[in-house]
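All remarks here apply to the structure that follows.
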Amino acid sequence: MIGQQRLCKVQLVNWGTFQGARQFDVPRAGLLLTGPSGSGKSSLLDAMAAILVKPARARFNAAAQGTDTGDRDRNLLTYVRGAYKRQTDEQTGEIQTAYLRIGATWSGIALTFGDGQQQRVTLVRLFHIARATNDAKDLKSVFMLADGDVELLALAPYVENGLEVRRLKREFPSHDVYSGDAYASFANKFRRRLGITSEQAQLLLHKTQSAKNLTSLDSLFREFMLDEPRSFELADETVVQFTELSTAHSAVVDARRQVEALTPLRISDQELTRLNAQLTHLSNLEDQVGTWVRDKRLAEYRGQEHRLQQELRSTAAELSSAEQAKLAADTALRDAERALDGAGGAEGEQLLELRAVQIAVLGQRRAERSRLSDLAAGERLGLPTSEIDTERFAREAAAREAEVSAQLRQRKTSTHDRHARRSQASQRRAALVDALKGLRQHHSNLDRMLLNVRSLLAERLQVDESRLPFVGELLEVRAAERAWSGAIERVLGSFARTLVVPDAHYRAAAEIIDEENLHTRLVYERVFPGQPASGNVPDDPRSLVHKLALADGPFNGWLWERLCNRYDYACVDHPDGFAGVRRAVTINGQMKHSEYRHEKDDRSRLNDRANWVLGFTTEAKETELEARLRQAEDELRAAEAELQADDDQNEALRQRQRVLDELQRCSWAAIDVAAAQQKVTELDARLAQLHQAQPDLARLESVRAQLQQRADRAEQIRQQLALRSAQVDHRLAELGELIASLADQIAQAAPVPAEVAADLEELAADTSVGADELGLRRELGQQHKKLDDAVRKTQQSAVRAMSHYRQNWPVPSADWGDDTEYLADYLARLRSLEDDGLPAFENRFFDLLQRQARNNISQLALVIKGARRDVRIRVDEVNRSLLMTEFAPASFLQIEVRDRTLPQVEEFLANLAKITSGSLAGTLEDQDDREAAERRFELMQALLDRLRSADPADKNWRRLCLDTRQHVSFQARVQDAERNALDHYTGSGGRSGGERQRLVTFCLAAALRFQLAPADQERPEYALVVIDEAFDKADHNFTKAGLEVFRQFGFQLLLATPLKMLQTIEDYVGGVVMVSNEAGNSSQLHQLIFDNDDVDDDPGTTVQDRLL
């Protein structure tokens, strides 16, 4: 039978204050380490821990700290360097550590174990650190496991100039050599060789070193005796597997989000289809309106032609009758004239002709006098009364004309001003029309010149314009902060007009910009899309940054960082708010850029929306520009009206000028009515004398006059009818040409469909424009514009939805653009998601949810609920160990397990039950199934999020729920041989220090025996137990009782304790090592062996035998 593995020898080289090589033997009966405080006792124990404990779990000098967390000032580096004190640097005043070894250094530790039957094994750890470094990362180490004894100094050639691992392996092929990061393999090997049953037992042995700090039975049993429950492993597996479920759920959520994002496109597509159908119909009306109007006119002209032909026939008959009447009248008139001539009528005829001439002159002078009298009355002048008075009249008219000329000269300046105002109004209107055109074309609030530059770049780079946004298109003022829009526009005006150029296009864009004449000022920034937001969020809630909304997309992180770092302006109501802030802006637009520089730009109105450029949409600016355009058109009309009124007034003055000029040229002969009247009177007198001389002459003249009148009347009627006939004939000729032309045009055009004709007929009636082609086209144009606006808005909505989809799902939309020509691709994606994608994702999610709920969650709940039974089984084994020795004379210690009521654990188990309860259908057949699945998933997600959370509160909750060791508490019961209770211990509170150490000793011994002794043996194969500052609070009897427990269980004790305990402890150890360090930087060892014989490993019959 192989004997127990007990420590035989410890070797050190350059460890802590142990300069050079040191070693001491350890009797199989145990060893006492003693010496003054600070001499190096704990350094020896820490050296052993550096080999026997996993590096991540080693706690140096834990006993001296009164806690199991260890001394943070002690670590492998300080031990290798030989830290021995803290001192002040004379130059810097900093507190520094003083080291014994500052150059290239090597250190080594070797622990030799033997089984008492000549079988030995040595565990070695070697260290090396280079010169001039105190970085723990530069400390290198290697582990070694060797059969038999190893002389530590003999390994110096392999480590003093740096660790030579390959050489060690080559020259010591029988030794197992492990690199510093392969401790797990090294530990597995030496645990098997030394009989340490598990890593938990290995850790318990290390914790035992600071046993004096264990004051709670709960802590002892939970952390050292009981293994970590499977619930942690199961929870970790569930969390890992939940990733797949979460991925499936994310796929479902993502598919749903895609459907939600794409569904508005279907509505937009339907609306566009409807609007395009209306536009097509409207285009048909516009295409056919000319033919329809020509059809209407042709019908009208043909009706007119028929009526005129009837009128022409009627007029021809009347003209024939009138010509006959005229012939008869002319014949009668010639007969009368011959009779008159025979009676001396020639002289009378001559007098009559002269009288007719004078009558005409009289009429002309009366008309001229009346005309000039009216003109003179308009100027408040009286006509001259004689030829001499004419000069006076001319002078007055000249004076008036001079006044009018002066007024005309004075008005020339005001007329020029009105022309200038009309020109300015016309320019404003043209600029607004141009701005609106650019706004509608580019769907951006930026200046058109800048948008033209972007269009040029996009065309040359062969990218969509949306890939080159301006900053202003990525920002907008939040609705609740609109009152600050003007001030924010002032601050961000230049930045908002900055063009964002992705890094992928930067070089090409820079070359294009350099070679082109842009005709405007351009600022652009090279940006790396997708960079995370790194700016610190402004603490001041008044910051301008908090009043902005940022567009989602690849530039969001860069934009957030830029805003936070450069535009953190406090928004204050009054300049008083400038105090105490680095940058600020008032609501009236005054900006504080630094402590000294301030600015206020009032070149345009603060709230002039037409100059604003921020915003995701253009609707607000478009509305503002349309209002401005209406105002500009009103101003233009007003200016034109003023100018027309001015022209009218000037024309009136010029007319007066012409009248006065004419009045100046007035002659007395042209208006002398009295003289003309005198001549007519004289001729009348001569005719009267002639009639008196020839009595029959008057009758003949009367007859001739009557016949002349009848002839004139007949001629007048004939001329009227002839003129009417000619007019009708001319109109018929014109109509013939028009009808022929219209018929030819109609013949060449496509026939107007009946429904189009009906719609045009209805439109003509509703709008009261009749068959006026221009009026109809104007009305159709207005309707077309409304439809175009509706199409544009619908397309803008669709583009925003497509852009949103591309930003959030770039992979499926990698080959698509943001314009409507790709709408079919987006709708095909929507149909695919609805028909195939989403149902498949939902079914997979549901299947995973069902399996994980039934398998992982139910198994976790089962393990947690059954863990208390397992704990009691394990504690029963410890209780059998405790019955092997008396706790006090005629009394024994037993551990009782009590259930704890933990509301958080009960809630956790209840949630697990909710996840696994009920029966889930095989598919998501209806909305109720989906909602139930979502509720289960949300509950599972909430639990697992907490289980994997790094938040300290969640980690504590996880530990409480999963660590089933905490679901019970432990009490100690002292009983006699008949199991009658004598005393109870709850933890170790309320007891003296000695009683606590005594209780912990018994519990530790039982825990160690339970962890280290094989199931079929009473003694552990590995015997070494190290305790630092052992029994420093217990009295003589308690100490001996504790030591006896370890002896009964077959342990080898290595105790570090004050020398005062020697008389009590010497019976339980085989030697003493005195550690001294009088100089403070050089520890020395002094060994006294008083029993080095092998101890009988069989402890003999125990009290347990009698009890059992």
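The values are calculated or read from the model by the stated rules, or taken from the named source; none is laboratory data. All of these numbers come straight from a predicted model, not from anything done at the bench. Using ideal geometry, Cβ is built from the backbone for each residue, glycine included, and neighbour counts are taken over all protein chains shown.
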Filter pass, residue 353 being acidic (Asp, Glu), part of a helix (DSSP H, G or I), within 30 Å of residue 688 (Cα to Cα) and free of Cβ contacts under 8 Å to residues at least 12 places away in the same chain: yes
Test: residue in the stretch 316-327 that is over 24 Å from residue 670 (Cα atoms), modelled with pLDDT of 85 or more, of a type in the set (A, V, I, L, M) and touching a Ser or Thr at 6+ places or on another chain (Cβ under 9 Å): yes
Selected residue (only one of 831, 874 is at pLDDT 80 or above, more than 30 Å from residue 1010 (Cα to Cα), in a helix (DSSP H, G or I) and not small (Gly, Ala, Ser)): 831
Verdict on residue 543 being loosely packed, with under 14 Cβ neighbours inside 10 Å and either of a type in the set (A, V, I, L, M, F, W, C) or in contact (Cβ under 8 Å) with a residue 24 or more places away in the chain (or both): no
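Within the stretch 269-282, can one find any residue that is of a type in the set (Lys, Arg), part of a helix (DSSP H, G or I), in the same structural domain as residue 754 (by TED's automatic domain parsing) and at pLDDT 85 or above?
Checked the stretch 269-282: at least one residue is of a type in the set (Lys, Arg), part of a helix (DSSP H, G or I), in the same structural domain as residue 754 (by TED's automatic domain parsing) and at pLDDT 85 or above.
From the residues in the stretch 589-614 that are assigned to a loop (DSSP other than H, G, I, E, B) and in contact with a Leu (Cβ under 8 Å, 6 or more places away or on another chain), which one is modelled with the lowest pLDDT? Spell out the reasoning first.
Quick first cut of the stretch 589-614, residues assigned to a loop (DSSP other than H, G, I, E, B) only: 589-590, 593-597, 600-608, 612-614.
From the residues that got through so far, the ones that are in contact with a Leu (Cβ under 8 Å, 6 or more places away or on another chain) too are 589, 613-614.
Numbers: 589: 93, 613: 84, 614: 87.
The extreme case among them is 613.
Can you spot a residue in the stretch 12-30 that is modelled with pLDDT under 90, in a loop (DSSP other than H, G, I, E, B), out of contact with any Pro (no Cβ under 6 Å at 6 or more places or on another chain) and within 21 Å of residue 1084 (Cβ to Cβ)?
In the first step, residues of the stretch 12-30 are kept if they are modelled with pLDDT under 90; the result is none.
Looking for residues that are modelled with pLDDT under 90, in a loop (DSSP other than H, G, I, E, B), out of contact with any Pro (no Cβ under 6 Å at 6 or more places or on another chain) and within 21 Å of residue 1084 (Cβ to Cβ), one finds none in the stretch 12-30, hence no.
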Matching residues in the stretch 742-776 - criterion: being of a type in the set (D, E, K, R) and under 15 Å from residue 280 (Cα atoms): 755, 759
Pair list, Cβ under 7 Å, 6 or more apart: the stretch 771-799 residue of a type in the set (D, E, K, R), other residue part of a helix (DSSP H, G or I): 773/289; 773/290; 773/293; 777/286; 777/289; 779/763; 779/767; 792/440
Residue count for the stretch 750-782, restricted to those that are under 15 Å from residue 296 (Cβ atoms), of a type in the set (Asp, Glu), part of a helix (DSSP H, G or I) and out of contact with any Leu (no Cβ under 8 Å at 6 or more places or on another chain): 3
Matching residues, the stretch 465-508, being modelled with pLDDT of 90 or more and in contact with a Pro (Cβ under 9 Å, 6 or more places away or on another chain): 468, 499, 500, 502, 503
Residue match in the stretch 547-562 (condition: modelled with pLDDT of 90 or more, assigned by TED's automatic domain parsing to the domain that holds residue 498, part of a loop (DSSP other than H, G, I, E, B) and surrounded by fewer than 18 Cβ atoms within 10 Å (Cβ to Cβ)): no
Scan of the stretch 365-388 for residues that are part of a helix (DSSP H, G or I) and in contact (Cβ under 8 Å) with a residue 24 or more places away in the chain, ordered by number: 365, 366, 368, 369, 372, 375, 376, 378
All positions within the stretch 801-825 that are part of a helix (DSSP H, G or I) and within 21 Å of residue 437 (Cβ to Cβ): 820
The stretch 563-577, residues that are under 17 Å from residue 591 (Cβ atoms) and either outside any helix (DSSP H, G or I) or in contact with a helix residue (DSSP H, G or I) (Cβ under 7 Å, 6 or more places away or on another chain) (or both): 563, 567, 568, 569, 570, 571, 572, 573, 574
Unmet criterion (only one of (1) without any contact (Cβ under 8 Å) to a residue 24 or more places away in the chain; (2) part of a strand (DSSP E or B); (3) not small (Gly, Ala, Ser)) for residue 862: (2)
Selection status of residue 901, under 28 Å from residue 985 (Cβ atoms), assigned to a loop (DSSP other than H, G, I, E, B) and at pLDDT 85 or above: yes
Positions within the stretch 1-41 being in contact with a Gly (Cβ under 9 Å, 6 or more places away or on another chain), on the phi < 0 side of the Ramachandran plot and among the polar types (S, T, N, Q), in sequence order: 4, 5, 11, 17, 19
Qualifying residue in the stretch 770-792 (condition: under 30 Å from residue 305 (Cβ atoms) and β-branched (Val, Ile, Thr)): no
Index of the failed condition, residue 1074 passing every other in (1) among the hydrophobic types (A, V, I, L, M, F, W, C); (2) crowded, with 21+ Cβ neighbours inside 10 Å; (3) farther than 19 Å from residue 998 by Cβ: (2)
Lone unmet requirement of (1) at pLDDT below 90; (2) under 29 Å from residue 185 (Cβ atoms); (3) not assigned by TED's automatic domain parsing to the domain that holds residue 13 for residue 36: (2)
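Filter the stretch 874-921 for residues that are hydrophobic (A, V, I, L, M, F, W, C) and free of Cβ contacts under 8 Å to residues at least 40 places away in the same chain; which is nearest to residue 864 (Cα to Cα)?
Of the residues in the stretch 874-921, the ones hydrophobic (A, V, I, L, M, F, W, C) are 875, 878, 882-884, 887-888, 890, 892-893, 895, 897, 902, 905, 908-910, 912-913, 915, 920-921.
With the extra rule that they be free of Cβ contacts under 8 Å to residues at least 40 places away in the same chain, the set shrinks to 910, 921.
Numbers: 910: 12, 921: 28 Å.
Restricting to residues being hydrophobic (A, V, I, L, M, F, W, C) and free of Cβ contacts under 8 Å to residues at least 40 places away in the same chain, the top hit is 910.
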Among (1) on the phi < 0 side of the Ramachandran plot; (2) at pLDDT below 75; (3) among the aromatic types (Phe, Trp, Tyr), the one test that residue 957 misses: (2)
Residue among 446, 436 that alone is under 56 Å from the mean Cα position of the chain (by Cα), assigned to a loop (DSSP other than H, G, I, E, B) and farther than 30 Å from residue 653 by Cβ: 446
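Looking only at the stretch 509-519, decide whether some residue is more than 23 Å from the chain's Cα centre (by Cα), within 27 Å of residue 821 (Cα to Cα) and either part of a loop (DSSP other than H, G, I, E, B) or touching a residue at least 40 places away in the same chain (Cβ under 8 Å) (or both). Can you show your working first?
The initial filter retains those residues of the stretch 509-519 that are more than 23 Å from the chain's Cα centre (by Cα), namely 509-519.
From the residues that got through so far, the ones that are within 27 Å of residue 821 (Cα to Cα) too are 509.
Filter once more, so that each one left must be either part of a loop (DSSP other than H, G, I, E, B) or touching a residue at least 40 places away in the same chain (Cβ under 8 Å) (or both): 509.
Looking through the stretch 509-519, at least one residue is more than 23 Å from the chain's Cα centre (by Cα), within 27 Å of residue 821 (Cα to Cα) and either part of a loop (DSSP other than H, G, I, E, B) or touching a residue at least 40 places away in the same chain (Cβ under 8 Å) (or both).
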Verdict on residue 811 being more than 17 Å from residue 440 (Cβ to Cβ) and either modelled with pLDDT of 85 or more or touching a Leu at 6+ places or on another chain (Cβ under 7 Å) (or both): yes
Among (1) loosely packed, with under 12 Cβ neighbours inside 10 Å; (2) outside the structural domain of residue 394 (by TED's automatic domain parsing), the one test that residue 678 misses: (1)
Candidate set: the stretch 411-432, residues that are within 43 Å of the chain's Cα centre (by Cα) and among the polar types (S, T, N, Q); chosen: the one surrounded by the most Cβ atoms within 10 Å (Cβ to Cβ): 426
